[in-house]
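Let me give you the structure first, and then I'll get to my questions.
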Amino acid sequence: MLSTATAHPPHRGSYRELPAWQRAMDLMAACYALTRRLPERDGLAARLQRASLAVVASIAEGTGRRTRDQRIHQLAAARTSLLEVEALLCAAERLGCADAVELRALAAHVDETRRRLLSLARAMGGGVRAD
């Protein structure tokens, strides 16, 4: 059965050229740097790694989807993972696992990634929410 979603050609360039993906990579690298210093026993480090990597992967996967609706769905998945990263960083702060300066820098990465993701979704004609 054919999808009723509007078909659009996939992103013409490489996902690596997308500012949203590039910023998500920066965020993922910063999260991995933080996790090297987190205790492994509570699972926070592994979960933060998975969530930050999911943002990157979802953006990349979205560029390969056939329809606009499928691409927007992947960007929504990236947004959801970004919210998870944000929540996990709040948990790290509450648990005293990182200093305030580092956490503020990571929060800035999250905010910038969110803006770039929203911009990409709008360019694709989608309605991914900013919050």
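The values are calculated or read from the model by the stated rules, or taken from the named source; none is laboratory data. Just so we're clear, the structure is a prediction, and the values are computed from it rather than from any experiment. With ideal geometry, Cβ positions are generated from the backbone for all residues, glycine too; neighbour counts draw on all protein chains shown.
Quick check, is Glu112 farther than 21 Å from Thr35 by Cβ and within 13 Å of the chain's Cα centre (by Cα)?
On the way: farther than 21 Å from Thr35 by Cβ: no; within 13 Å of the chain's Cα centre (by Cα): yes.
So Glu112 fails the test.
Here are some conditions: (1) within 13 Å of Ser52 (Cβ to Cβ); (2) surrounded by fewer than 17 Cβ atoms within 10 Å (Cβ to Cβ); (3) not aromatic (Phe, Trp, Tyr). Leu82 meets all but one. Which one does it not meet?
Failing condition for Leu82: (2).
Hey, can you tell me all the residues within segment 89-116 that are β-branched (Val, Ile, Thr) and either closer than 17 Å to Gln22 by Cβ or in a loop (DSSP other than H, G, I, E, B) (or both)? Please lay out each step first, then the result.
Here is the first cut: in segment 89-116, the residues β-branched (Val, Ile, Thr) are 101, 110, 113.
Hits for segment 89-116 are Val110, Thr113.
Then there's this: Run down Leu103, Leu89 and say which single residue is at pLDDT 90 or above, buried (at least 17 other Cβ atoms within 10 Å of the Cβ) and hydrophobic (A, V, I, L, M, F, W, C).
So the residue among Leu103, Leu89 that is at pLDDT 90 or above, buried (at least 17 other Cβ atoms within 10 Å of the Cβ) and hydrophobic (A, V, I, L, M, F, W, C) is Leu89.
With respect to Arg71, is the statement that it is within 27 Å of Ala121 (Cβ to Cβ) and not in a helix (DSSP H, G or I) true? Give the steps one after another, and end with the answer.
Working: within 27 Å of Ala121 (Cβ to Cβ): yes; not in a helix (DSSP H, G or I): no.
No; evaluated as a whole, the condition is false for this residue.
A quick yes/no check of all residues on (1) in contact with a strand residue (DSSP E or B) (Cβ under 8 Å, 6 or more places away or on another chain); (2) acidic (Asp, Glu); (3) surrounded by 16 or more Cβ atoms within 10 Å (Cβ to Cβ):
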residue	(1), (2), (3)
Leu34	no, no, yes
Leu38	no, no, yes
Asp42	no, yes, no
Leu48	no, no, yes
Leu53	no, no, yes
Val56	no, no, yes
Asp69	no, yes, yes
His73	no, no, yes
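A quick yes/no check of all residues on (1) closer than 18 Å to Leu18 by Cα; (2) polar (S, T, N, Q):
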residue	(1), (2)
Ser52	yes, yes
Gly64	yes, no
Leu83	no, no
Ala87	no, no
Leu118	yes, no
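Now, a different point. Here is a list of conditions, (1) at pLDDT below 95; (2) surrounded by fewer than 19 Cβ atoms within 10 Å (Cβ to Cβ); (3) assigned to a helix (DSSP H, G or I), and Asp26 meets all of them except one; can you say which number that is?
(1)
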